[in-house]
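Right, one structure below, let's go through it.
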């Protein structure tokens, strides 16, 4: 094969010639997951890893949605069950249950927390203009946790704010 024939196989700008490879768009990417049959998403740049469910070490007097902690390569990572935190369905742990470990870096600190979800779904490529504001009419997920909504293949996906997910509310001990 000569160089001219090879040059004809090079895709023009905007074409994708490699099959099975997703090209990064000019927008953002979000990891989608299920909680009680509803789709949610987090910024994929915050995802440290996805782990299978394992029983964490319990923490005495922790809120019920904090399942405990795990040791992840020398880092102690708190595990939060999002179903319990948002009061969405029963906390059942099946083969598809996973822990999405998110790391969020703010100006003050870096926090790593694992979130228990029913299953991981997909990675969405989203243009900023496709994100709609969340309506302000209550629901099980507090408004402070929602960055917006995306229409994706006949479903609405709720984008969660990783910064607010990382905050653990003050817990009162029951006497």
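The values are calculated or read from the model by the stated rules, or taken from the named source; none is laboratory data. A quick note: this is a predicted structure, and the numbers were derived from the prediction, not measured. Every residue, glycine as well, gets a Cβ built from its backbone with ideal geometry; the counts of neighbours run over all protein chains shown.
Report, by residue number, each residue of the stretch 78-102 that is part of a loop (DSSP other than H, G, I, E, B) and either without any contact (Cβ under 8 Å) to a residue 12 or more places away in the chain or farther than 15 Å from residue 41 by Cα (or both).
87, 88, 89, 90, 91, 92, 93, 94, 95, 96, 97
Could you check how many residues of the stretch 47-67 are outside any loop (DSSP other than H, G, I, E, B), more than 17 Å from the chain's Cα centre (by Cα) and surrounded by fewer than 15 Cβ atoms within 10 Å (Cβ to Cβ)?
Residues flagged as outside any loop (DSSP other than H, G, I, E, B), more than 17 Å from the chain's Cα centre (by Cα) and surrounded by fewer than 15 Cβ atoms within 10 Å (Cβ to Cβ) within the stretch 47-67 amount to 1.
Among the residues of the stretch 69-91 satisfying the criterion of being exposed (fewer than 15 other Cβ atoms within 10 Å of the Cβ) and over 12 Å from residue 117 (Cβ atoms), which is modelled with the lowest pLDDT?
90
Pick out the one residue from 148, 129 that is more than 15 Å from residue 35 (Cβ to Cβ) and touching a strand residue (DSSP E or B) at 6+ places or on another chain (Cβ under 9 Å).
Sole residue among the options that is more than 15 Å from residue 35 (Cβ to Cβ) and touching a strand residue (DSSP E or B) at 6+ places or on another chain (Cβ under 9 Å): 148.
Output the residue which, of all residues in the stretch 123-152 that are in a strand (DSSP E or B) and closer than 28 Å to residue 90 by Cβ, is modelled with the lowest pLDDT.
So the residue we want is 152.
Working only within the stretch 31-46, note down all residues that are outside any helix (DSSP H, G or I) and surrounded by 17 or more Cβ atoms within 10 Å (Cβ to Cβ).
Within the stretch 31-46, 31, 32, 33, 35, 38, 39, 40, 41, 42, 43 meet the criteria.
Read through the list (1) modelled with pLDDT of 85 or more; (2) within 15 Å of residue 158 (Cα to Cα); (3) not in a strand (DSSP E or B), then give the number of the only condition that residue 120 fails.
(3)
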